[in-house]
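What follows is a set of notes on a single structure, which appears directly below.
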Amino acid sequence: MDPDLPLIEALQAGNESALNELIDRHREPLFYFVFRYLRDEAGARDVVQETFVRVFFKVKSFEPRASVKTWIYAIALNLARDEGRKLSKRQRMVSLDAPGPEDRPPMEVADEGPLPDVQAGQRDRFAMLQAAIDKLPPKLKSALILFALEGKSQREAADILGTTPKTVELRVAHARQKLKRILDGV
């Protein structure tokens, strides 16, 4: 049984506090999923917030064909795709010197971990991988992030993407092949 289904039923019955419980359960993992897709913290926070707004307003139309979590992730994925298109039109820049929001101190760089030359090499490889993932078509990118990075099963990823587990398997395989070709060409 889906542990979130009673919350959806309560929300459908008008108990708005059930939404708070859904948010508490899913906000953090949903944020990390959306952040991996967008690689933009502000955009990810906006998408997560809008996801729960949509959950609230679309709860009457929810039908338990898949789990509530899958439904929430599908909403977030669609919003993340839209936000990704918007973000690709803007240049993403972050200043470590800029003051942070009032509730958070300015960003600080921690000096723990590998030596700077090792960090630079790791950062370069990670940046190349992220750039290659960004070049993937949306269907391949979504499947790869859900399955390989988020650790969802093929069934869960298929439910979120509205496809079959075999299609997810093929998309992830194609995504990995494309990544290899992109990275080999660098």
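Return the only residue of 25, 54 being in contact (Cβ under 8 Å) with a residue 24 or more places away in the chain, open to solvent by 30 Å² or more (accessible area, probe 1.4 Å) and in a helix (DSSP H, G or I). Walk me through how you get there before you give the answer.
On the way: 25 fails: in contact (Cβ under 8 Å) with a residue 24 or more places away in the chain.
None of the others qualify; the one that does is 54.
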Original post:
Hey, any hits in region 172-185 for a residue that's over 16 Å from residue 134 (Cβ atoms), at pLDDT below 90 and open to solvent by 70 Å² or more (accessible area, probe 1.4 Å)?
Top reply: yes
**OP:** Looking only at region 137-155, decide whether some residue is over 21 Å from residue 69 (Cβ atoms), part of a loop (DSSP other than H, G, I, E, B) and aliphatic (A, V, I, L, M).
**Re:** no
Original post:
On the given criteria, is residue 77 open to solvent by less than 20 Å² (accessible area, probe 1.4 Å) and more than 30 Å from residue 131 (Cα to Cα)?
Top reply: no
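I need a count of the residues in region 80-102 that are open to solvent by 20 Å² or more (accessible area, probe 1.4 Å) and modelled with pLDDT of 55 or more.
10
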Original post:
Any residue in region 57-64 that is modelled with pLDDT of 95 or more and touching an Asp or Glu at 6+ places or on another chain (Cβ under 8 Å)?
Top reply: no
**OP:** Determine, yes or no, whether residue 36 is basic (Lys, Arg), open to solvent by 90 Å² or more (accessible area, probe 1.4 Å) and in contact (Cβ under 8 Å) with a residue 60 or more places away in the chain.
**Re:** yes
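The values are calculated or read from the model by the stated rules, or taken from the named source; none is laboratory data. From a predicted model like this one, the values you see are computed outputs, not experimental measurements. No Cβ is skipped: glycine too gets one built from the backbone with ideal geometry, and neighbour counts run over all protein chains shown. With ligands, DNA and RNA removed, areas are computed over all heavy atoms of the protein, side chains included. Shrake-Rupley method; radii C 1.70, N 1.55, O 1.52, S 1.80 Å.
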